[in-house]
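Have a look at the structure below before the remarks.
Derivation of every value follows stated rules applied to the coordinates shown; laboratory data play no part. Predicted model only: the values in this text are computed from it and were never measured. Counting neighbours? That spans all protein chains shown, and the Cβs are built from the backbone with ideal geometry, glycine included.
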Amino acid sequence: MIYADKSTRIVVLGATGNQGSFHLERMQQYARTVGGAGVVAGVTPGKGGQVVSDVNVYDSVREAVLEQDAQVGVMFVPSRIAKDSIMEGADAGLDLVVAITEGIPVHDVMKAVAFAKAHDCAVIGPNCPGLISPGVISLGIMPTHLTMPGKVGVISRSGTLTYAVVDALTQNNIGQSTVVGIGGDQVIGQTFVDVINRFAEDENTQAVVLLGEVGGNLEEEGAHFAKEVELPLIAFIAGVSAPPDKRMGHAGAIVFGGEGDAQSKINRLVAQGVPVASEIADIPRMVQEVV
């Protein structure tokens with residue numbers, strides 16, 4: 001497991017909203033199932049004193065940290081106030097903020113991530129499904145029933161692709177140590193390199209599946225770092241048929257002149273000696289070959 005364990009105490013930012021309250025309950029149910037500390041507090045300014053799924057709601061993250069010793073925040077707030085929420089969490093002393101929110105302006109993300117880093121707070125996301133260490137902890141919106149405990153880490157820029165690959169691994173009796181959705185925006189907090197570094201230090205992780213898509217070069221950087229730390233890596237790049245010079249889906253999914261298209265990524269990964277799956281169905285077999 002990386003980033004968090006069963007003892008990690010979670011605070012949900014935006015706890016009284018529809019999404020916040022729904023996923024707060026889901027995370028709490030998972031914590032009960034695995035015997036974890038779970039969600040100890042919620043935060044919604046002006047709603048302090050309310051209770052959501054037996055969890056006390058506070059007006060600020062600092063109150064939640066002081067009253068409930070919260071350590072990690074999971075954020076379900078509107079994009080217009082997301083920057084302030086991330087910065088508030090970092091300033092209050094949280095070790096990690098998982099930003100589920102999508103549509104946050106790029107400059108807001110840049111400011112928030114830089115502020116968090118200066119306060120020793122990691123940010124996963126934004127525009128991500130969060131993470132899960134099966135049998136340990138769920139931080140975000142990943143469907144827990146698709147996972148099973150094991151020795152393979154998964155890192156992805158795409159939520160739905162993550163679910164499909166994790167399901168394929170589980171169906172082939174290949175468990176996961178931790179699954180991390182880093183988000184598909186142009187600017188994100190934790191990158192492939194950051195997460196691989198955590199996996200490299202995790203004795204529960206024997207190999208990593210890297211799930212990328214068109215746009216940028218984060219996948220190549222992650223693969224290069226995995227080689228440096230001698231961590232077995234299998235990759236899959238979505239978007240082989242995506243047209244060039246056109247923005248697709250995620251804010252970071254844009255291709256310019258052969259720099260970020262899927263085939264160029266695949267070629268560069270193969271040149272680094274990384275096995276690249278052509279189809280999701282190939283991934284379980286390729287994982288078994290390197291583990």
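Considering only alpha-carbon pairs that sit under 8 angstrom and 6 or more positions apart, the relative contact order computed for the stretch 131-171 is 33 percent. Using a Debye calculation, one point per C-alpha and no hydration shell, please list log10 I(q)/I(0) for the stretch 156-243 at q = 0.14, 0.21, 0.27 Å⁻¹ in order. Those come out to -0.47, -1.07, -1.58, one per q. For the pair the stretch 74-133 and the stretch 172-210, the centres of their Cα atoms are 18 angstrom apart. Normalised by the number of residues in the chain, the mean separation of alpha-carbon contacts (under 8 Å, six or more apart) gives a relative contact order of 13 percent.
Placing pseudo-labels 7 Å out from each Cα toward the beta carbon at HIS145 and VAL290 gives an inter-label distance of 3.1 nm. Around the Cα centre of the stretch 10-124, unit charges on the Cβ atoms of Lys, Arg, Asp and Glu (plus for the first two, minus for the last two) sum to a dipole of about 260 debye. Only lysine pairs 8 or more places apart, or on different chains, with alpha-carbon atoms under 27 angstrom apart are counted in the chain, and they number 12. The Rg/Rh ratio for the stretch 143-290 is 0.94, where Rg is the radius of gyration of the alpha carbons and Rh is the Kirkwood radius.
Spin-label model, ASN18/SER60: points 7 Å from Cα along the beta carbon direction are separated by 3.1 nm.
The Cα atoms of the chain define a convex hull whose projected area, averaged across directions, is 13.8 nm².
Taken over the stretch 135-193, the percentage of Cα pairs per 5 Å bin, counting from 0 up to the bin with the maximum distance, is 4, 18, 32, 24, 14, 5, 2.
In the chain, the calculated helix contribution to ellipticity at 222 nm averages -10500 deg cm²/dmol per residue, counting -39,500 (n - 2.57) for every DSSP H run with n ≥ 4.
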